[in-house]
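Peer 1: Once you've had a glance at the structure underneath, I'll fire off some questions.
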Amino acid sequence: MRLPPIVGEWIDRTTPLAFEFAGKPYQGYAGDCITSALLANDQWILGRSFKYHRPRSVLSLANHDINTLVQWGDRPNVRADVTPLQAGMQLQPVNVWGSVSADLLGVLDWLSPFLPVGFYYKTFHGKLFPFWERVIRTITGLGRVDFTTPHIRTPKAYDFCDVLVIGGGIAGLQSALTCAEGGVDVLLVEENPHLGGSGLYDLAGDQANAELARDLVQRVKRHGNIRVLTDTVAIAYYADHWVPLLQKERIIKLRAKSVIVATGAYEQPAVFRNNDLPKVMLSSAAQRLIYRYAVSPAQQAVVLAGNQFAYRSALDLHHNGTVVEAIVDLRPTVPEDEATNRVRSLGIPIFTGHAIYEAIADLQTLCVKEVVLCPWREGAVDPRRAKRIRCDGVLMGVGYAPANNLLYQAGVSMRYVPQIEQYVPHVLPAGVFACGRVNGVYDPEEKRKDGDRAGEEALMYLGIKANATHIPISLPAVSPSHPYPITPHPKGKNFVDCDEDLQLKDYFNAVQEGFSSVELLKRYSTNGMGPSQGKHSNMNAIRILAHIHQRSIPEIGTTTARPLVQPVPLSHLAGRGFQPERHTALHRQHQQLSAQFTLMGDWLRPAYYAQEGKGQEQCIQEEVLAVRQGVGLIDVSSLGKIEILGSSAGQFLERVYTGKFANMKIGTVRYAVLLDKAGTVIDDGVVARLAEEHFYCTTTSSGAGNVYRELVRLNTMWRMDCTLVNATGARSAINIAGKQAVAVLRALTDMDLSPEAFPYLAVRQGLIAGVPAIAMRVGFVGEWGYEIHIPADYAEAVWQGLMEAGKALGIRAFGVEAQRVLRLEKGHIIVGQDTDGLTHPYQVGLQWAVKMDKPFFVGQRSLQIIQKQPQTQQLVGFTLSPDYTGTAPQECHLVIQDGEIAGRVTSIAYSPTLQQYIGLAFVSPHLAEIGQKLAIRLSDGVLVTATVSPTPFYDRENQAQQLCTPQPDLPKLSLTCQPTSPIPVPEQEINGMRITDISLEPKIGWKGQDSIPYLLNRGLTVPTQPNTWQALPTGGLLARLGLGEFLVCDAVLVETLQGMAVSEGRVYPVLRQDAGLQLKGDRLWEVLCQVCSLNWRSINFNARPLFLTTMAGVNVLVIPTPEAVKIWCDRSYGSYLYQTLVSVCHDLA
Amino acid sequence: MKLLTCPINGTRPISEFICGGELELELDPQACSDEEWAAQVFNRPHNTPCVKREWWCHVPSVTWFIVERDTGSDRIFKTYLYSDLVEGRV
């Protein structure tokens, strides 16, 4: 029944909302929650219980009413007690067969004596378990998942504040005000739609009692330093004040400098027979119903009291039209205070030393119609002196459990204070504070003072105040919690945990069966494991356990409160997933050639190029043959590329790699193997010497990031005269290979390609298709070939040039799959595939690349030890008979000898060149002889015979890559190459956000110790601080990245500087081919806080800062100005970052 | 999420960093015995919880620095550049 308007009610009576529940139409108001709207219509049965299908209704009206979950369309388990009512909602109760009022499975309630605790574990095991599991899952369980629900993209956002105050009750409000007065930035979060907490509903029937909270709310709302987020729950506490905030639509990842926890306390139910009947509720639930939703909890109520708050709630009922028939007080005497006196003066009978022994249901309404009282003393009842009182509502006001989940997660140690029967924080970690009920403080004025104290302490922690004013706080003289509000009954149904329908006797049984510690009890009985996670059952369970064991509460201990504090929709947890994807500069070219992409690490690479009417295998084999017979080209841009510069560059390489490099002639290339400390092969590549003090190294695609990082670390540690530049993203690489490679390349360059001028394992620099290139003669695929490294912006132009030039010769692009076959035909290993985390170079035939006569290299000392030991395994080549037609072995299939494992296959492929299966395998050394037969076991156990064969399988004398065959003469192509951007759209506007491609704005970088004098000599003002920038008179900017790297973005200056030779010492130009985006618009910061964890609100633009950070999972350079933000990232991530920002901008709507 | 302060780039969430292992006092590879070397590589003889010096790298900028961290409590005491350590500025 709806009450007449009440001051401060949350509902808006001018906006009625129509909705449906279980197919019946109802009407509520805007501001109602689903539960309050149903109760206002006298629909009290809201759901059925989990196990026994008992009718249930409101218990807390505070987000923990798990028996009133509803299904709202495709949304399961909507919490009716806190979900705002919306017009047109079509709601269904959950866990109901039939209707809520006549649930067919209510029969389970009658069977409950046969379903004791642990019943399912004990009964349904063994072979029939899957059958019973299905049956049980059908009858129990909650909402229904709709698998056709569309994917929802929920945004996430980062936010920051100085002080986070969790809880908008009196203590939280005051602590926020105190901090705000100190001048710090405060964020106050409150899970309800309105601030005020119990200060606005625990009124003892007198609206004057709401003044304190009302005044605080007004002051908080007006204060410029306080941001308020209502409908927001702090769901966890993680290290360094990292608190996720759950809202209706998203999770905010909040980073605070200090956290004040003012989360209050959960009111606890009393345990007595039928305490779960509809219209038996917590006293605070009744108060919330009245003052928030103007719904009458009952016409005639009985209040079960264990504290003085029950008396206050009785007064709230009395002043809002409910007749309070009696107060049944568990305590032997009632403390005399104002509430007691007023109750007495109203003539409400008080039964001290009594408990409700049983509540009795009306068979028609299924709600409570009568209670039975008995004299009660410390959990023991005397049913012979029972009395009956008719009523249509029971309020339970017996005590509280502190809402201290977040404090536990923050590492707070608690102590139990017997005076108030509650755990309170004992030792708090730095920067975490607690106040109000969670701190054991209950009186409104004391809570305000406690909030003030916590605020002062937070200010002191933040260094705003030198000394905190001492504010004495007093704990309540009368305990707000009763030590044992539990009443036994021979017929049971006295529920301790309504989530899981656990009765008092279940706890006694569990203990009797030996599950006597709190953690074991929880797991065996499932106490606290339902959707409300024990918020209404854990404290009583601990009290029961203490009672059984005759021990104190602290001796029993508590269970662990883990994140998350409240259930969170999976869509919110998933948020916007960031899965960075790298595209090479040739991505569009591959797409045009119908490439089938494969994800290798972050890289999307062509596995093969699909041909109309041909299968994958055929395409791959044709690509292999094209390279062997004519000419092919492959995009190898994902290879790591590192430039090593300086007078010690050669020595540095010798210390890093196993080979010798200091003596390399300029213009030559050498294979290089990288080991870790234990002598394990971790990477390989080639080293090219471009100049006396300039080396250019490649690494494997997967190792690129790690190798560069490790080399930088070694360089930091060894402090050699050496500078490292990561050119992986800035340079693209194309490998052109095949007998006619020379002819194709000759059409595009004036470089002398004759074998004398450009022999095998040489490196040359020159123009290819008009683009400055580094070209190396290498033979990974075993043909005459060039690996061409060019600035990534020009890669498309060079690729198109090569394709155009080779057209007449049938040039064909080949993918990673064909390359794997080609290199396998040559017996070349792939580190990470043909090696593992224990492989040393001697096991894979790389001894020739290891120079033990050097003074030092990483892994050398371990190899010295390994050399003395017998070898355990050897990588060998093997072949299957050319006429083998059965199932081919696969990688990782085992080599078996005498029933024992004697090795494993690391690579295998069908060689179209040799027309047979070839492969590599690790085998025991005694099986490594050429001609040895190996037995390889397939997945189905069949053994296949293979023969150990010498490698290379193809072109054993390595003629193909060194002997130049006569080349056709192709006409010279003269091309004018234009750079291309990785960003598909130059400029666009989405929801007021303008995204501009600035990738091709001219830019150049420098590294090296003498960069600063070099730039000063050019008349430039160099930023004095790391990570700052200067505007240039010509319109661009000069940025200092970290300590010693510089970047100039400026059309005029870049052109001038590029033309000038660098002659002064250790200054090394860095090729910059970054993808660049500019973001502009009113909602700029809103967009950025969804993709980047920097605190944009605290940026001091006057200092002209720049940030090297991550955005949407990608490393970026960000230069913010008040109007716009420029973002640069590795070119290969450009397309991904652009798409991500576009989708964030779209979702702003 | 934990925070870590890079001496150059400032305080950032731990996801921007990777740990490069303990800053070990290198054994002289040629002077030590095989057993001592193997122990250093595989057994990490000092791997008991205590305050240690570790290499950490701020990934977006590839800045390596040293972190003094209690590996028992995960408390961070100090961060500085390696050069500051060897040049006696710590």
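The values are calculated or read from the model by the stated rules, or taken from the named source; none is laboratory data. As the structure is a prediction and not an experimental result, all values here were calculated from the model. Cβ coordinates were reconstructed from backbone atoms using ideal geometry, including for glycine residues, and neighbour counts include every protein chain displayed.
Peer 1: Within region A:647-661, track down each residue that is over 14 Å from A:W718 (Cα atoms), of a type outside the set (S, T, N, Q) and in contact (Cβ under 8 Å) with a residue 40 or more places away in the chain.
Peer 2: Passing the criteria: A:Y657, A:G659, A:K660.
Peer 1: So, one more: What is the number of the single condition among (1) more than 29 Å from A:T913 (Cα to Cα); (2) touching a residue at least 40 places away in the same chain (Cβ under 8 Å) that A:I829 does not meet?
Peer 2: If we test A:I829 against (1) more than 29 Å from A:T913 (Cα to Cα); (2) touching a residue at least 40 places away in the same chain (Cβ under 8 Å), just (1) comes out false.
Peer 1: Same structure again: Check A:S296, A:S345, A:S313 and return the single one that is under 30 Å from A:L407 (Cα atoms) and hydroxyl-bearing (S, T, Y). Please lay out each step first, then the result.
Peer 2: Numbers: A:S296 fails: under 30 Å from A:L407 (Cα atoms); A:S345 fails: under 30 Å from A:L407 (Cα atoms).
It is A:S313.
Peer 1: Can you tell me which residue among A:G1076, A:G1042, A:G1065 is at positive phi and touching a Ser or Thr at 6+ places or on another chain (Cβ under 9 Å)? Quick ask: steps written out before the conclusion?
Peer 2: Values: A:G1076 fails: at positive phi; A:G1065 fails: touching a Ser or Thr at 6+ places or on another chain (Cβ under 9 Å).
Step by step, each of A:G1076, A:G1042, A:G1065 is checked, and only A:G1042 is at positive phi and touching a Ser or Thr at 6+ places or on another chain (Cβ under 9 Å).
Peer 1: Another question, if that's okay. With within 14 Å of chain B (Cβ to nearest Cβ) and buried (at least 23 other Cβ atoms within 10 Å of the Cβ) as the only criterion, which of A:A678, A:A704, A:A688 stands out?
Peer 2: Going through A:A678, A:A704, A:A688 in turn, the sole match is A:A704.
Peer 1: Taking the criterion of being more than 29 Å from A:G705 (Cβ to Cβ), at the interface with chain A (Cβ under 10 Å from one of its Cβ atoms) and outside any loop (DSSP other than H, G, I, E, B), would at least one residue in region B:37-59 satisfy it?
Peer 2: So far as region B:37-59 goes, yes, one or more of its residues are more than 29 Å from A:G705 (Cβ to Cβ), at the interface with chain A (Cβ under 10 Å from one of its Cβ atoms) and outside any loop (DSSP other than H, G, I, E, B).
Peer 1: Shifting gears a bit: What pairs can you find where one residue is in region A:72-94 and acidic (D, E), the other is assigned to a loop (DSSP other than H, G, I, E, B), and their Cβ atoms are less than 6 Å apart, with a gap of 6+ or different chains?
Peer 2: A:D74/A:D146; A:D74/A:T149; A:D81/A:L61; A:D81/A:D65
Peer 1: Got a sec? Which of A:V7, A:V70 is among the β-branched types (V, I, T) and in a strand (DSSP E or B)?
Peer 2: Details: A:V7 fails: in a strand (DSSP E or B).
Of the residues listed, the single one that is among the β-branched types (V, I, T) and in a strand (DSSP E or B) is A:V70.
Peer 1: Might you let me know whether region A:936-958 holds any residue that is within 46 Å of the chain's Cα centre (by Cα), over 25 Å from A:V624 (Cβ atoms) and surrounded by 15 or more Cβ atoms within 10 Å (Cβ to Cβ)?
Peer 2: For region A:936-958, residues within 46 Å of the chain's Cα centre (by Cα), over 25 Å from A:V624 (Cβ atoms) and surrounded by 15 or more Cβ atoms within 10 Å (Cβ to Cβ): present.
Peer 1: Among (1) under 19 Å from A:F309 (Cβ atoms); (2) in a helix (DSSP H, G or I); (3) out of contact with any Ser or Thr (no Cβ under 7 Å at 6 or more places or on another chain); (4) not small (G, A, S), where does A:R453 come up short?
Peer 2: (1)
Peer 1: Something else now. Looking only at residues that are part of a loop (DSSP other than H, G, I, E, B) and modelled with pLDDT of 95 or more in region A:12-42, which one is surrounded by the most Cβ atoms within 10 Å (Cβ to Cβ)?
Peer 2: Ranking the candidates gives A:D32 first.
Peer 1: Additional query: Only one residue in B:V90, B:V67 is more than 13 Å from the chain's Cα centre (by Cα), farther than 30 Å from A:I865 by Cα and either part of a strand (DSSP E or B) or away from every other protein chain (no Cβ under 14 Å) (or both), so which one is that?
Peer 2: B:V90
Peer 1: List every residue pair whose Cβ atoms lie under 7 Å apart, where the two residues are 6 or more positions apart in sequence or sit on different chains, the first residue falls within region A:280-307 and is farther than 23 Å from A:C498 by Cα and aliphatic (A, V, I, L, M), and the second residue, located anywhere, is buried (at least 24 other Cβ atoms within 10 Å of the Cβ) and at pLDDT 95 or above.
Peer 2: As it stands, the answer is A:I290/A:P297; A:I290/A:D316; A:A294/A:I11; A:V295/A:S36; A:V295/A:L39; A:V295/A:L289, since those pairs meet every condition given.
Peer 1: When the residues of region A:405-450 are narrowed to those that are of a type in the set (D, E) and part of a loop (DSSP other than H, G, I, E, B), which ends up farthest from the chain's Cα centre (by Cα)?
Peer 2: By that ranking, first place goes to A:D443.
Peer 1: Also, quick follow-up: Among (1) outside any loop (DSSP other than H, G, I, E, B); (2) touching a strand residue (DSSP E or B) at 6+ places or on another chain (Cβ under 9 Å); (3) more than 29 Å from A:Y910 (Cα to Cα); (4) among the hydrophobic types (A, V, I, L, M, F, W, C), which single condition is A:A805 missing?
Peer 2: Failed condition: (2).
Peer 1: Further question on the same structure: Do we have A:L1032 as touching a Leu at 6+ places or on another chain (Cβ under 7 Å), among the aliphatic types (A, V, I, L, M), modelled with pLDDT under 90 and surrounded by 12 or more Cβ atoms within 10 Å (Cβ to Cβ) here?
Peer 2: no
Peer 1: Has region A:233-251 got at least one residue that is closer than 25 Å to A:R2 by Cα, modelled with pLDDT of 95 or more, β-branched (V, I, T) and in contact with a Pro (Cβ under 9 Å, 6 or more places away or on another chain)?
Peer 2: no
Peer 1: So, one more: Which ranges mark the strands (runs of 3 or more DSSP E) fully within region A:1034-1149 that have 1 or more residues being over 26 Å from A:H587 (Cβ atoms) and without any contact (Cβ under 8 Å) to a residue 60 or more places away in the chain? Quick ask: steps written out before the conclusion?
Peer 2: On the way: elements: A:1037-1041, A:1045-1049, A:1068-1070, A:1075-1080, A:1107-1111, A:1114-1120, A:1124-1129.
Once the strands (runs of 3 or more DSSP E) in region A:1034-1149 are filtered for at least 1 residues that are over 26 Å from A:H587 (Cβ atoms) and without any contact (Cβ under 8 Å) to a residue 60 or more places away in the chain, what remains is A:1037-1041, A:1045-1049, A:1114-1120, A:1124-1129.
Peer 1: When the residues of region A:1103-1149 are filtered to those that are closer than 26 Å to A:L639 by Cβ and among the charged types (D, E, K, R), which remaining residue is nearest to the other protein chains (Cβ to nearest Cβ)?
Peer 2: Result: A:D1130.
Peer 1: Would you mind telling me which numbered condition in (1) closer than 17 Å to B:T11 by Cβ; (2) more than 13 Å from chain B (Cβ to nearest Cβ) A:N1100 fails?
Peer 2: Of the numbered conditions (1) closer than 17 Å to B:T11 by Cβ; (2) more than 13 Å from chain B (Cβ to nearest Cβ), the odd one out for A:N1100 is (2).
Peer 1: Are any residues in region A:866-895 within 14 Å of chain B (Cβ to nearest Cβ) and without any contact (Cβ under 8 Å) to a residue 12 or more places away in the chain, and if so, which ones?
Peer 2: Of everything in region A:866-895, those that are within 14 Å of chain B (Cβ to nearest Cβ) and without any contact (Cβ under 8 Å) to a residue 12 or more places away in the chain turn out to be A:K868, A:Q869.
Peer 1: Please tell me if B:T79 is under 28 Å from A:E1045 (Cα atoms), crowded, with 17+ Cβ neighbours inside 10 Å and more than 10 Å from chain A (Cβ to nearest Cβ). Show your work before the answer.
Peer 2: Values: under 28 Å from A:E1045 (Cα atoms): yes; crowded, with 17+ Cβ neighbours inside 10 Å: yes; more than 10 Å from chain A (Cβ to nearest Cβ): yes.
Considered against the rule, which asks whether it is under 28 Å from A:E1045 (Cα atoms), crowded, with 17+ Cβ neighbours inside 10 Å and more than 10 Å from chain A (Cβ to nearest Cβ), B:T79 comes out as yes.
Peer 1: Still on this structure, I have one more. So which residues in region B:11-35 are assigned to a strand (DSSP E or B), of a type outside the set (F, W, Y) and more than 8 Å from every other protein chain (Cβ to nearest Cβ), if there are any at all?
Peer 2: Applying the first criterion (assigned to a strand (DSSP E or B)) to region B:11-35 yields B:11-13, B:17-22.
Narrowing further to those that are of a type outside the set (F, W, Y): B:11-13, B:18-22.
Within region B:11-35, B:T11, B:C19, B:G21, B:E22 meet the criteria.
Peer 1: For region A:387-404, name all the residues that are small (G, A, S), in a strand (DSSP E or B) and in contact with a Pro (Cβ under 8 Å, 6 or more places away or on another chain).
Peer 2: Result: A:G393, single match.
Peer 1: Quick check on this structure: which one of A:V1070, A:V1048, A:V1054 is within 14 Å of chain B (Cβ to nearest Cβ), of a type in the set (V, I, T), in contact with a strand residue (DSSP E or B) (Cβ under 6 Å, 6 or more places away or on another chain) and surrounded by 18 or more Cβ atoms within 10 Å (Cβ to Cβ)?
Peer 2: Selected residue: A:V1070, the only one of A:V1070, A:V1048, A:V1054 that is within 14 Å of chain B (Cβ to nearest Cβ), of a type in the set (V, I, T), in contact with a strand residue (DSSP E or B) (Cβ under 6 Å, 6 or more places away or on another chain) and surrounded by 18 or more Cβ atoms within 10 Å (Cβ to Cβ).
Here's the yes/no breakdown for (1) assigned to a strand (DSSP E or B); (2) buried (at least 24 other Cβ atoms within 10 Å of the Cβ); (3) outside the structural domain of A:R1097 (by TED's automatic domain parsing); (4) of a type outside the set (A, V, I, L, M):
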position	(1), (2), (3), (4)
A:K257	yes, no, yes, yes
A:M281	yes, yes, yes, no
A:A298	no, yes, yes, no
A:N320	no, no, yes, yes
A:A326	yes, no, yes, no
A:T340	no, no, yes, yes
A:F351	yes, no, yes, yes
A:A355	yes, yes, yes, no
A:K369	yes, no, yes, yes
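Peer 1: Let me ask something additional. Residues in region A:739-781 that are touching a residue at least 24 places away in the same chain (Cβ under 8 Å) and under 47 Å from the mean Cα position of the chain (by Cα): how many?
Peer 2: Counting residues in region A:739-781 that are touching a residue at least 24 places away in the same chain (Cβ under 8 Å) and under 47 Å from the mean Cα position of the chain (by Cα) gives 17.
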